[in-house]
Amino acid sequence: MKYGLILNFATDNIGDDIQSYAAAQFLPSIDCVIDRESLDRFDNSDEPVKAIMNGWYMYDKFNWPPSADIDPLWVSVHISEADNFGIGEKFLSGPGGEYLRQYAPIGARDESTLEMFRRNGIDAELSGCLTLTLPRCADAEKTDEILLVDVGPASEQTIREHFPNERYASVTHAVNPETYRLLTVKERMEKAAALLRRYQGAKCVVTSRLHCALPCLALGTPVLLLYKDEYASRMKSFLELLHYSTLDGLNAALRSYDLTQPPENSTAFLPIREKLIRVCKDFVSSPVKKRAELPPLEELHRWQKELLQPSELHFRREIARLTGWIGELEKSRAYISGQCEIKDARIRELEQWNVSQEAAKTYLSEQCETKDSRIRELESWIGELEKARDYLSGQCTMKDARIHELEEWCQTVTDGKDYVEAQWHQAQDAATALQKKLNLLLADVEIQKIIQKRSYNI
């Protein structure tokens, strides 16, 4: 038996490759790679190729049904009602629906896909996502990283503000399809494996990507899923398996979901995981079924054309409308051309004006430099004057202190002078009084006799 791996050749989301990686683990070999968006063109006439048909299908719903050379296991399938050509669910009518009924029950990944199949009379059951079967990586190194996977700038800021001391890393599932498609299948699977190892080693993961959150369940990494309300139909089948929050409710969620000690994941996914593993292993080991019964190629092409008719009519009307619009644009082209000439003349005028302004700018620039130089000179002089002012201020203070000191000394001297003069006048008065007394005594006859008798020299 030969085995084929379903791959979205032109993906812009590495989550598609994680889906392929999940399927590849069950394949004994990968003998060929099948483009997910070109299933009807796959050719291997020797024998049907067994392929696990998980993932998101039908961006282009007219590339349907798949080739009879594919022996499919329709499990973990998601199909959106939206598509590039407005076909909607009509691809499940006629040959498209009859093809799927040959492989019923179809394993729908989520409730919205399940309801779509059932509305169109196709037996289906809810299978869950194949990424829940991913095995843990033996060589994953444990880190203290909290990975923020496509949460958006606002949510990332909110998370970092709630838990500022944690170590964060921003990760995206977005890839450039123009360069990514140039990689080999091996290189793409290695990139998916490396990303899964990083998820397993992380302390915790916060993500808006379903195919990051579900692999984290399988890998045993605590994970918090954020989602917008418009994605609720695609997400609701898995919410009971996860810790989750809407973007608007993130602040409230972070009060209960502690990123410093993230809670363990629920184990509710384990029965889903075990059933998917069993179904895939049984499919891989079972013999190839007979080829799908498809209508003749001419009839199939006619039906595919019918699917595209509404889009064709819409595109024709749009082309007619645009043609009329082009005619109107042609009529106004001459006017616009004249306006452009006026504009060009004005541009030339302004360019000349700019030249003169450049000369003026040069002159003013030189004047500004001169002014700036003078300002710097004056600022330097002001600095010197400030220093001189401070010195003179200090000298004045010293002078005022000395004046005060001298004034006090003068007052002391004045007070001493007045005292000395008063004492001198008192001494003068006393000497005068004594002299008067002496004169009176000397004039006394008796005193004179005593002086003479005793020979006093007075």
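The table below lists the values:
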quantity: Point-to-point label distance, Ser356-Thr370, nm (Cα→Cβ direction, 7 Å offset); calculated: 2.2 nm
quantity: Angle between the chain longest axis and helix 210-219 axis [Cα atoms, degrees, rounded to 10]; calculated: 90 degrees
quantity: Distance between modelled label sites at Leu239 and Asn165, nm, 7 Å Cα→Cβ extension; calculated: 3.4 nm
quantity: Segment 134-267 - percent relative contact order, Cα under 8 Å, separation 6 or more; calculated: 29 percent
quantity: Those GluC sites (Glu not before Pro) in segment 90-173 that DSSP places in a loop and that have at most 14 other beta carbons within 10 Å; calculated: Glu141
quantity: Relative contact order [Cα under 8 Å, 6+ residues apart], the chain, whole percent; calculated: 14 percent
quantity: Violating pairs (Cα-Cα greater than 27 angstrom) within the set Lys61/Lys290; Lys228/Lys275; Lys2/Lys275; calculated: Lys228/Lys275
quantity: Lysines with Cα under 23 Å of Lys387, excluding same-chain neighbours fewer than 8 positions away; calculated: Lys399
quantity: Within straight-line cross-link reach of Lys50, aspartates and glutamates at Cα separation under 13 Å, skipping those fewer than 8 residues along the same chain; calculated: Asp31, Asp69, Asp71, Asp282
quantity: Estimated [θ] at 222 nm from DSSP helical runs (n ≥ 4, -39500 (n - 2.57)) normalised by residues in the chain, nearest 500; calculated: -19000 deg cm²/dmol
quantity: Residue (of Asn165, Ala193, Gln411) at the positive-pole extreme of the chain, dipole from beta-carbon charges; calculated: Gln411
quantity: Theoretical gain in end-to-end length, Arg101 to Ile403 [0.36 nm per residue, Cα-Cα removed]; calculated: 96.8 nm
quantity: Per-residue Cβ neighbour rank within 10 angstrom, fewest leading, Arg109, Arg374; calculated: Arg374, Arg109
quantity: Positive-end residue, segment 276-385 charge dipole about Cα centroid, Cβ charges, pick of Leu378, Trp325, Cys368; calculated: Trp325
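The numbers here are math on the coordinates, done by the rules we state, and not lab data. Every value quoted in this text rests on a predicted model; they were computed, and no experiment measured them. Every residue, glycine among them, receives a Cβ derived from its backbone with ideal geometry; neighbour counts consider all protein chains shown.
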